[in-house]
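This report concerns only the one structure given below.
Here, each number is a calculation from the coordinates, and none is a lab measurement. For clarity, every value in this text was computed on a predicted model and none was experimentally measured. Quick reminder, even Gly has a Cβ in these numbers, built from the backbone with ideal geometry, and neighbours come from all protein chains shown.
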Amino acid sequence: MPRLTVGETAPDFTLPTADGGSLTLSALRGEPVIVYFYPAAGTPGCTTQACDFRDSLASLAGAGYAVVGVSPDPVEKLARFAADEGLTFPLVSDADHAVLEAWGAWGERTLYGKKVTGVIRSTVVLDADGVVTLAQYNVKATGHVAKLRRDLAVA
């Protein structure tokens, strides 16, 4: 799958959210947005990453960023994950992988030494007009949010 690159406009999407609603990416225009893709709610790595975003949300929001998490999990699983971990940013379900594929976050990756097809843990930062300003693929769950904050110069 082709990956998004800096300077291109990110594909819009409307996906169901953990809280039973839906989120349309273009509705967030006017503010920069961090869209991160993760394999499975409730797993150790994904929980670490989500909690790091949760714990950094005030500083990210203070710098003007909204955060959206995307996974192929069903809405019910996302709702449990958000409740269990106290996540207050939107989690959206891309069950058919259409958005994951369009954004380059679905494909072959290595899992425990084996090649598998699935979610490529990725983070894409958009400016207020929906243009990619940073695209990171194959990121590590642990320490990623701290590195992202450094990359964005968010204290």
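Going by the structure shown, is residue 23 touching a strand residue (DSSP E or B) at 6+ places or on another chain (Cβ under 6 Å) and either in a strand (DSSP E or B) or surrounded by 14 or more Cβ atoms within 10 Å (Cβ to Cβ) (or both)?
Yes, satisfied.
Say whether the condition of being of a type outside the set (Val, Ile, Thr), outside any loop (DSSP other than H, G, I, E, B) and either loosely packed, with under 13 Cβ neighbours inside 10 Å or free of Cβ contacts under 8 Å to residues at least 60 places away in the same chain (or both) is met by at least one residue in segment 34-50.
Looking for residues that are of a type outside the set (Val, Ile, Thr), outside any loop (DSSP other than H, G, I, E, B) and either loosely packed, with under 13 Cβ neighbours inside 10 Å or free of Cβ contacts under 8 Å to residues at least 60 places away in the same chain (or both), one finds at least one in segment 34-50, hence yes.
Here's the yes/no breakdown for (1) within 15 Å of the chain's Cα centre (by Cα); (2) under 22 Å from residue 125 (Cβ atoms):
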| site | (1), (2) |
| --- | --- |
| 21 | no, no |
| 28 | yes, yes |
| 59 | no, yes |
| 72 | yes, yes |
| 81 | yes, no |
| 97 | yes, yes |
| 103 | yes, yes |
| 106 | yes, yes |
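Rundown of residues vs (1) in contact with a strand residue (DSSP E or B) (Cβ under 7 Å, 6 or more places away or on another chain); (2) within 20 Å of residue 7 (Cβ to Cβ), yes/no style:
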{"position": "68", "(1), (2)": "yes, no"}
{"position": "87", "(1), (2)": "no, no"}
{"position": "119", "(1), (2)": "yes, no"}
{"position": "129", "(1), (2)": "no, yes"}
{"position": "135", "(1), (2)": "yes, yes"}
{"position": "141", "(1), (2)": "no, no"}
{"position": "148", "(1), (2)": "yes, yes"}
